[in-house]
Amino acid sequence: MTSVPKIVVRVSRVADPIHHGRLTIDNWSIPCTVGAGGLIQASFKREGDKCTPIGVFPLRYGFFDPAAVPDFPRDLAFPFVPLSDDMIWEEEGDDYNRLVFADKDQRRGGRLARRRAEGLFDVIVPIGFNDAVAELGRGSAIFIHPARADMSGTAGCVGVPREDMPALVRRLRPGMLIDIGYTQADDRERLDPETPVETVRFTGLAPGPNLIVVGAVHGNETCGPQAILRAIQDCRMGRLSVRRGAVTFLPVANMKAYRQGTREGDRNLNRDLREKTIPEDYEDRAGNRLCSVLRAHDVLLDIHSFRGEGEPFVFAGPLDNTGAVEPFRHAEAEGEFAARLGTSIVIHGWLDAYARFLKKRESLGHSNKANSEGVGTTEYMRFSGGYGVTLECGSHEDPQAAEVGYAAIVRALSHLGMIHASPPDVTAQTVIRVADVLVCEVEGDKLEHAWKTGDRVARGQVIARRAGGEVLEAPTDGFIIFPNHAAKPGDGLCYFGVASDRALAG
Ligand SMILES: [Zn+2]
């Protein structure tokens, strides 16, 4: 497979002046300018604000002005058409952000050719921003074009030094994208352990459920933030419109771990989640805030990814019960929700199995943890009167995981009747109850195969082998859940699941 290189435009958050950046294609890099007002989140871009929108946009074709550049090359890979004197790029009206043609002598002052004296429009490559379904006032005529000699800021376009223009047009390829944003290095410099938790909330005009969608409880699981940021953008742009109830998006629950690119900051945020009077570490402080945010909602969708291979699945809670471990009364609603999030596997019975795991650990002489150690976001949600599920979107590295997460958000909103959309179909086909856990007792206890979550095992099949040679067989037909191929003494080797007789969807 060949790949089309991307144009990357980066501006430093601390740039002085704020419109100076760099444009890079592969290893070719030149200075560039952006809007005199700097960069802006694409959804906040307005006509006339002199800002350049952040985002990834397509480049479809370009213009060259034959009067100004008679020797413009004709053998380019990227399509260029000659600029004609009657071309107008509409910045208002019904044809907003489109190319139109003027009649005879009309609208002389609005034509692209009017800038011929400045040379700014000798070569123009329109950036595909707000153009597929152009919305009036959201920004128009965002181009790549030659910069002024003093590299001053543009009205929102990307300006390239005139002398670099020939080299740039030679590097353009059909299907090319331009990626405009801030430099990453500045983000790291700005890493602040006290960064506030950011939530974005959309409230429909009719009453309805209160949904919260959470990402990056584990900092190395980036599919959640990606899916959630896309959903936020869609809500702002009107592509998703909440009519009933309210949705709160919390893209990054564990900012410390997320910035570090690690699963945990000081510890696992998804364990022992409760409000702590005397917070001792980062996760205690973030967890206290997370708990109070969760309590204000009825339904939680918590988006994760996992290590290794495997297909996406949903983790649901227990059946209705008044027991001590995890009392619950919304099993039916939670099951209906879990069954429609787009995955074919739904697993339930986590906290019971976790309690069993802790008992085994204790019997092996490992320092024990309280049962509350097994309480993460969804368990906390159930304790506080709501319900919620964990969506495991696939492998940490799988780019499809963000798509799985995004689809689940849309499915959740439509299932709950919060957006105008047909109710999502039931996708769950295999329902698994976590029945047991296999614990690594001594160094050398190992799983028998490169199991993945959801793998089926037959009764009597060897799942793992102890260091001493003893084999651990499947007690019944069942499934492997959360295999840990690097288990140390006291860790779980894997959980064992059985086909559940629970009917999720009515
Ligand atoms: Zn996770």
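The values are calculated or read from the model by the stated rules, or taken from the named source; none is laboratory data. The structure presented is a predicted model; accordingly, all values stated were derived computationally and were not measured. No Cβ is skipped: glycine too gets one built from the backbone with ideal geometry, and neighbour counts run over all protein chains shown. Ligands, DNA and RNA are excluded from the accessible area calculation, which covers all protein heavy atoms including side chains. Shrake-Rupley method; radii C 1.70, N 1.55, O 1.52, S 1.80 Å.
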* Ignoring ligands, DNA and RNA, what percent of the accessible area of segment 293-357 is carbon or sulfur (1.4 Å)? -> 51
* Just how far, in whole angstrom, is segment 104-174 from segment 1-34 if you go by their alpha carbon centroids? -> 17
* Can you list, largest first and rounded to whole Å, the semi-axes you get for segment 401-447 by taking the square root of 5 times each eigenvalue of its Cα gyration tensor? -> 38, 14, 9
* In whole percent, how big is the carbon plus sulfur part of the accessible area of segment 1-118, probe 1.4 Å, protein atoms only? -> 51
* For GLY388, residues with placed amide H under 5 Å, excluding near neighbours -> LEU300
* Asked: Counting only residues 5 or more places away or on other chains, whose amide H sits under 5 Å from the amide H of ALA253 once H atoms are built in the peptide plane?
  -> GLY215, ALA216, VAL217
* Structure fact -> The answer for the per residue Cα convex hull volume of segment 14-83, in Å³, is 157
* What is the magnitude of the charge dipole of the chain about its Cα centre, with +1 placed on the Cβ of each Lys and Arg, -1 on the Cβ of each Asp and Glu, and no other charges, expressed in debye to the nearest 20? -> 460
* **Formal net charge of residues neighbouring VAL498 (Cβ-Cβ distance under 15 Å; K, R +1; D, E -1)** => -1
* Average accessible surface area per residue within the chain, 1.4 Å rolling probe, Å² -> 46
* Asked: In terms of the ratio Rg/(2.2 N^0.38 Å) built on C-alpha atoms, what value belongs to segment 224-313?
  -> 1.24
* Derived scalar couplings ³J(HN,Hα) [segment 200-210; Karplus, 6.51 cos²θ - 1.76 cosθ + 1.60; whole Hz; x for Gly, Pro] -> 10, 10, 10, 10, x, 7, 10, x, x, x, 10
* Asked: Hey, what's the Kirkwood Rh for segment 409-506 if you take every pair of different alpha carbons, in angstrom?
  -> 15.3
* Answer with one residue from ILE228, VAL8, PRO318: the one whose Cα lies farthest towards the positive end of the charge dipole of the chain, charges on Cβ with Lys, Arg +1 and Asp, Glu -1. => VAL8
* In percent, how large is the relative contact order of segment 350-506, given Cα pairs closer than 8 Å and 6 or more residues apart? -> 22
* Against the longest principal axis of the chain, how steep is helix 223-237, in degrees 0 to 90 to the nearest 10, with axes from Cα atoms? -> 50
* To do: With the convex hull built on the Cα atoms of segment 176-293, state its orientation-averaged projected area in nm².
  => 9.2
* Any idea what diffusion coefficient segment 296-392 gets from Stokes-Einstein, in µm²/s, Kirkwood Rh on alpha carbon pairs, 37 °C, 0.692 mPa s? -> 230
* Structure fact -> Sorted list, accessible surface of protein heavy atoms, 1.4 Å probe, largest first, for GLU403, GLU392, GLU198 is GLU198, GLU403, GLU392
* Expressed as a whole percentage, what fraction of the accessible surface of segment 394-506 belongs to carbon and sulfur atoms when a 1.4 Å probe is rolled over the protein heavy atoms? -> 49
* Based on DSSP H runs of at least 4 residues, each adding -39500 (n - 2.57), what is the mean residue ellipticity at 222 nm of the chain after dividing by all its residues, to the nearest 500 deg cm²/dmol? -> -5500 deg cm²/dmol
* **Positive-end residue, the chain charge dipole about Cα centroid, Cβ charges, pick of GLY478, HIS218, SER29** => SER29
* Got a sec to turn the phi values of segment 299-307 into Karplus ³J(HN,Hα) couplings, 6.51 cos²θ - 1.76 cosθ + 1.60 with θ = phi - 60°, whole Hz, x for Gly and Pro? -> 9, 10, 10, 10, 9, 10, 9, 10, 7
* **Hz values of 3J(HN,Hα) by residue in segment 497-505 - Karplus curve (6.51, -1.76, 1.60), Gly and Pro given as x** => x, 10, 4, 8, 8, 6, 8, 6, 10
* Structure fact -> Cβ-Cβ cut-off under 14 Å around ASN220, Lys and Arg +1, Asp and Glu -1: the net charge is -1
* Structure fact -> For segment 316-372, one quarter of the surface area of the C-alpha convex hull, expressed in nm², comes to 4.7
* Asked: For CYS440, what accessible area in Å² do you get when you roll a 1.4 Å probe over the heavy atoms of the protein chains, rounding to the nearest 10?
  -> 0
* Cβ-based net charge around ASP86, under 12 Å, with every Lys or Arg adding one and every Asp or Glu removing one -> +2
* Give the residue from PHE64, GLY204, THR248 lying farthest towards the positive end of the charge dipole for the chain; charges sit on Cβ (+1 for Lys and Arg, -1 for Asp and Glu) and the dipole is referred to the Cα centre. => PHE64
* Taking the chain on its own, what percent of its Cα-Cα pair distances exceed 33 Å? -> 50
* Structure fact -> Taking SER305, SER422 and ranking on accessible area (1.4 Å, protein atoms only), highest first, one gets SER422, SER305
